[in-house]
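First up is the structure itself, then whatever we jot down about it.
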Amino acid sequence: MYSVVIPCRDGAATLGRQLRALTAQDFAGAYEVVVADNGSRDASRAVVSAAAGTDPRVRCVDAGGRPGINHARNVGVAHARGDFVLLCDADDVVTPGWLSAMDRARRAGADCVGGPVERRLPDETVVGTDPGTTTYLWHVPRPIGANCGFARAVHDAVGGFDETLTGGGDESDFFYRAHLAGYRTVAVPDAVVVYYERERLRDLARQQFRYGRQSVRIYLRFRDAGLPRQPLRRVPGTLAGGVVRALSPDRLTRRAGVKRLALTAGRVAGSVREGTLFV
């Protein structure tokens, strides 16, 4: 049985859309949808209750003990009835064949899985697509937390998600620990999730800055295990490319430049904070 866990905090505006997509999957096997409510102050619980009223596979669990997506994930997994857990977010949308594709990968022997994300703006403009796993600045396949999964035994073996990590890097940390414990993560090309990016450049930059700052902490954790870092000679080119893109009249190109610059700025800030160079 599969347990789909959705960490949620104040997700009422989009959660219903995701729950409808999950209950309409083309998968014929057994699965449940567990919304781990992380102290929502909006109508998120009411949205779950309405969905549960028409589909008993949907339920809500209280994950308000402490703020944070990783706490919500861990609580959701603790309440899961399935032996394989899939994660997605309240503000995205799984495609109809998502669960079937993940099931095929699991049956082929995958311990951990990751699916592609089709990045869109709120107006449905497609920004681009990221693969199910990436090894960019990395030597271990890692998926994005908005579209991933793992055997329940993996979660228990590595101790779940680190609840002290805030601002990103949590899935990188989890799947690296899974790798070191001997578990295999595979990409599942057909398990696509539509991922909605922040529309305002200011919000996007703040998110990427947090990711960059946190990546230094992740590097320190795993550098002795072989986690690489970008050679310094590439940094000027990265910055120059970011500036050129950020000044582009094309809004998608401009977004790409802002993301690159904010991520690099976050890494610089994280390097100063942690006393180690990772840019």
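What follows is calculated from the coordinates using simple rules that are stated; it is not laboratory data. Predicted model only: the values in this text are computed from it and were never measured. Backbone-built Cβ (ideal geometry, glycine too); neighbour counts: all protein chains shown.
Observations, loosely collected:
- Choice from V58, V235, V33 showing the highest fluctuation, given a GNM over the chain with Cα pairs closer than 10 Å: V235
- Cα-based helix-to-principal-axis angle, 12-23 vs the chain, degrees rounded to 10: 60
- Simple spin-label estimate for D83 and L201 gives 5.2 nm between the two label positions (7 Å along the Cα-to-Cβ direction from each Cα).
- Residue list for region 130-150, given a label point 7 angstrom along the Cα-to-Cβ vector of T238 and an amide N cut-off under 17 Å: 134-140
- Distance between the C-alpha centres of region 1-75 and region 140-216: 19 Å, rounded to the whole angstrom.
- Its residue count N fixes a reference of 2.2 N^0.38 Å for region 222-274, and the Cα radius of gyration divided by that reference is 1.33.
- FRET efficiency, 1/(1 + (r/R0)^6) with R0 30 Å, evaluated for A50 and S100 via beta carbons: 0.70
- Charged-residue dipole, Cβ positions (Lys, Arg, Asp, Glu), region 11-137 about Cα centre, Debye nearest 20: 260
- Remark on F84: its backbone amide H falls under 5 Å from those of S3, R152, a criterion applied only to residues 5 or more positions apart or on other chains, H modelled at 1.01 Å from N.
- Backbone amide hydrogens, once placed in the peptide plane, bring R119 within less than 5 Å of V127, G128, T129, D130, Y195, excluding anything fewer than 5 places away on its chain.
- Other residues within the sphere of radius under 11 Å centred on the Cβ of R81, judged by their own Cβ, net out at +1 (K and R +1, D and E -1).
- Cβ-placed point charges (K, R +1; D, E -1), dipole of the chain about Cα centre in debye, nearest 20: 1080
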